[in-house]
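Here is the structure we will look at.
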Amino acid sequence: MKIIFKAAEGAPFGNLAAQIIGEQIKLIEKKFGEVTPEIIVDEARNPKNLLHNYFEWDNNIGAEKWRRQQARNIINHLIVIREYKGNEKEIKAYFSVMINEKEKRYVSIEAVLKSKDFREQIISEALREIIYWKEKYKDYQELGLIFEAVEKTQKDLQFKKSKKEVVNQVSV
């Protein structure tokens, strides 16, 4: 039976490439009995390997891309302590948001809380992550109460969104 691979949301490649990449990684798993980033890179060094073109082999460009990834890693792991209802809470300090159709940028939690658009983006992203998590663990009945809470929250947010759309249509 052939395994079908797809690109996850936000992947830097499409479904056709996901199939090629997935099949190559399965071959690596079969050949080495395991899959590690080191093995994948070593196998991809060969220009004849189908994974080769998915890597940057120019060390100057690759180093710069790696430093940008390190910067993302730093900003994604920064926490700020904020007071919430009289208690101190640790919360993510910066969030990645769309500024326009083509531009993404990190903004502070303060900017997220001040901007309705940023807040809606973060809540939508959180809900997508929760739904993904729910789908991933759907076979575990022990998590049923969590799933119910997710479904209720999802319905509540959809109701608020549809109610807002009706108000906007009436006021136009």
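Every number here is computed from the coordinates shown, using simple stated rules; none is lab data. As the structure is a computational prediction, the values presented were derived from the model and not from experiment. Cβ atoms come from the backbone with ideal geometry, glycine included; neighbour counts cover every protein chain shown.
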#### Entry: Charge dipole (region 1-59, unit charges on Cβ, about Cα centre) - positive-most of Ile40, Ala17, Asn53
Ala17
### Query
Which chymotrypsin sites (Phe, Trp or Tyr not before Pro) in region 51-112 pass both tests, a DSSP loop state and at most 14 other beta-carbon atoms within 10 Å?
Phe55, Trp57
### Message
I'd like the per residue volume of the convex hull spanned by the Cα atoms of region 1-59, given in cubic angstrom.
### Response
104 Å³
### Query
Among all the lysines, which ones have a C-alpha under 19 Å from Lys104's C-alpha, if same-chain residues fewer than 8 places away are not counted?
Lys65, Lys92, Lys114, Lys116
### Message
I'd like the FRET efficiency for Asp156 and Lys6, computed as 1/(1 + (r/R0)^6) with the beta carbon distance as r and R0 of 35 Å, rounded to 0.05.
### Response
0.70
#### Entry: Charge sum, other residues only, whose C-beta stays under 12 Å from Phe55's C-beta, Lys/Arg counted +1 and Asp/Glu -1
-2
### Query
Please state the relative contact order of the chain as a whole percent: Cα pairs under 8 Å, 6+ residues apart?
7 percent
### Summary
Toy charge model, Lys and Arg Cβ at +1, Asp and Glu Cβ at -1: region 1-137 dipole around Cα centroid in debye, rounded to 20, equals 220 debye
### Query
In degrees between 0 and 90, to the nearest 10, how far off the longest principal axis of the chain does helix 59-76 point, with axes built from Cα atoms?
30 degrees
### Message
Taking the 0 to 90 degree range and rounding to the nearest ten, how far is the long axis of helix 15-32 tilted relative to the main principal axis of the chain, both from C-alpha atoms?
### Response
50 degrees
### Query
Under 18 Å from the Cα of Lys136, which aspartates and glutamates turn up, not counting those fewer than eight places away in the same chain?
Glu9, Glu125, Glu148, Glu151
### Query
Whole-Å semi-axes of the chain's equivalent ellipsoid, largest first, each the root of 5 times a Cα gyration tensor eigenvalue?
37, 23, 19
### Query
What is the order of Met98, Met1, fewest Cβ neighbours within 10 Å to most?
Met1, Met98
### Message
What do you get for the angle between helix 144-171 and the principal long axis of the chain? Use alpha-carbon atoms, 0 to 90 degrees, nearest ten.
### Response
60 degrees
